[in-house]
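Report on the structure given below.
Read the figures in this text as sums done on the coordinates, not as results from a lab. Since the model is a prediction, treat every value here as computed from it, not as a measurement. Counting neighbours? That spans all protein chains shown, and the Cβs are built from the backbone with ideal geometry, glycine included.
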Amino acid sequence: YDEIEEELPHITWCPTGPLAFLPLHAAGIYGSSPEDSFSASDFVVSSYTPTLSALLARDPNAQSKTTTSGKPQILAVSQPATPGQGVLPGTVGEVNVIKKYFPAETTHLNHESASTAAVLEEMNGHNWVHFACHGMQDSLDPTKSAFALYDGRLTLSELMSKSAKDAEIAVLSACQTATGDEKLPEEAVHLAAGMLTVGFKSVVGTMWSIGDRDAPIVTDVLYRKFRDDIEERVRPRVAYALHEAVKRLREEVGEMAFERWVPFVHFGV
């Protein structure tokens, strides 16, 4: 990380009620030129927590500790053409980016090999997971919010039935993985919060649909930063890595293209 990024403080938001639907990390004043604009991301690195108890349970020294398991074991799931869903050709390229930085550590389940049973089984042996697929929010029953896999939906309730004691990082490069439910504004019931319940300590999610071309840009910076941290023998600083990745995306698509860079958010440590 460059010197400027290192100096930014890290803030964790715990919004409730209607605030839970607002991208607080992107709050700011946006003008016709960079000189007329400023936003929260200029001053802080943002994370979210679904509850105060989850925040209080965090280890405040986690980010400074030496890694305990060396290089990660990464499960990467891609769905370029899920039956019944729109095509996402960029998902395979997205996983190839991960392989560029972690070639020996990545297990790739693609298309028909990424069934619900296979993904659940493989999650047992991997401490990082990356979903590059369609995600969906169920407004009637948030626990049925799901990742769309080749043979059906992998639901939040199925994921929450798991317990992964060695889980570290989950990157949910899918649509609506951190979208709350308007009928339950005081409860964080979405896929990102669910992955924290499963046992993942740090989760990257999205507040709404993301572009197929944008996800690989974010993924490239994200995993490069992860690799750099591991080479320095510290736990990946996920919030700072995502901050840098979104900054890169903003440069690519333009600051005023809010719908493309704002949805990427971080939960946990």
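Checking the Cα-Cα distances for Lys144/Lys201; Lys144/Lys247; Lys165/Lys247 against a 30 Å cut-off, the pairs over it are Lys144/Lys247; Lys165/Lys247. Where does the chain land at 222 nm, in deg cm²/dmol rounded to the nearest 500, when only DSSP H runs of n ≥ 4 count, each adding -39500 (n - 2.57), divided by all residues? Estimated from H runs of four or more residues: -8500 deg cm²/dmol.
At full extension, Thr16 and Thr107 could sit 29.0 nm farther apart than now, given 0.36 nm per residue minus the alpha carbon distance. The eigenvalues of the Cα gyration tensor, multiplied by 5 and square-rooted, give the chain an equivalent ellipsoid with semi-axes of 25, 22, 20 Å from largest to smallest. Modelled spin-label separation between Asn96 and Ala117, with each label point placed 7 Å from Cα along the Cα-to-Cβ direction: 3.1 nm.
Taking 0.36 nm per residue of separation and subtracting the Cα-Cα distance, full extension of the segment from Phe258 to Ser161 would add 31.4 nm. Which FRET efficiency value, to the nearest 0.05, is calculated for Arg213 and Asp42 with the Förster distance at 25 angstrom and r the Cβ-Cβ distance? Calculated transfer efficiency: 0.45.
What the phi angles of the stretch 98-109 give under the Karplus curve with 6.51, -1.76 and 1.60, with θ = phi - 60°, is a coupling list of 4, 5, 4, 8, 9, x, 8, 9, 9, 9, 10, 9 Hz, glycine and proline written as x. Using a cutoff of 8 angstrom between alpha carbon atoms and counting only pairs six or more residues apart, the relative contact order for the chain works out to 21 percent. Relative to the Cα centre, the charge distribution of the chain, modelled as +1 at Lys and Arg Cβ and -1 at Asp and Glu Cβ, gives a dipole magnitude of about 640 debye.
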